[in-house]
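The values are calculated or read from the model by the stated rules, or taken from the named source; none is laboratory data. Everything numeric here is computed off the predicted structure, so don't read it as measured data. Cβ coordinates were reconstructed from backbone atoms using ideal geometry, including for glycine residues, and neighbour counts include every protein chain displayed. Heads up: the accessible areas ignore ligands, DNA and RNA and are worked out on the full protein's heavy atoms, side chains in. Shrake-Rupley method; radii C 1.70, N 1.55, O 1.52, S 1.80 Å.
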Amino acid sequence: DDIASLNPNATNTTSIGNCRIGSRVEIRGDKIFTNLHFDDVNIEHNGVVVFKSSSAGWELKNYINAPTSSGDNTIFAGGLARDFSLYKDHLAISAYETGGNDSMLHIFKSSSTSGWELEQTLTTSSYNDGAAVNTSTGVNTFLAVKIYGDKLVTSGFSNGQSRYLGIFASGTGGWAFEDSVFIRDGNTDG
């Protein structure tokens with residue numbers, strides 16, 4: 001309930017209920033970042049929870065809510081905050097769909113004055129802006145993400161039976177498609 005009370009986007013529920021916590025973990029200094037997610041169309045609290053070490057033990061320090069208006073209802077059963085990656089002042093939270101075409105990747109940036117704020121949201125069109133072979137569907141894109149330095153790698157881009165990793169780079173205009181890696185076609189397991 002303490003986590004739910006930190007959600008700036010909550011409208012109905014003040015409890016995290018049966019949410020799953022801790023299937024993905026990152027450590028930065030004296031803080032542990034872990035995901036909170038639940039497969040339900042009505043859930044509001046999916047996101048990343050931050051615990052900080054103190055003399056009293058590990059205490060709830062912060063909570064970054066992944067926007068629940070990310071896509072249609074299939075997004076919640078698929079993977080809102082199921083995966084995330086942290087590097088310095090950037091945090092990328094996946095929001096992938098298993099049935100619709102609205103998968104997204106939310107990128108947050110931290111500052112000492114305002115905390116974690118949504119900086120940019122990547123979609124399949126973000127990939128198609130530069131990819132040689134456009135993705136034909138947003139289903140299962142952004143399944144996994146890894147951010148390091150000014151690079152971000154994410155999986156699941158599909159054109160028919162072919163699948164690709166997408167590589168994005170951070171620049172003055174934000175995160176933009178840089179390259180892709182072919183990982184499977186209809187004749188290979190992958």
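Couple of notes before you dig in:
- 222 nm mean residue ellipticity, helices alone, for the chain (DSSP H n ≥ 4; -39,500 (n - 2.57); rounded to 500): -1500 deg cm²/dmol
- Dividing the alpha-carbon radius of gyration of the chain by the rule-of-thumb value 2.2 N^0.38 Å gives 1.03.
- Inter-centroid distance (Cα atoms) of segment 1-29 relative to segment 151-190, Å: 30 Å
- Two-site label geometry, Leu60 and Glu117: point separation in nm, points 7 Å out along Cα→Cβ: 2.5 nm
- Per residue, the accessible area of the chain comes to 49 Å² when a 1.4 Å probe rolls over the protein heavy atoms.
- The relative contact order of the chain comes to 12 percent, based on Cα pairs under 8 Å that sit 6 or more residues apart.
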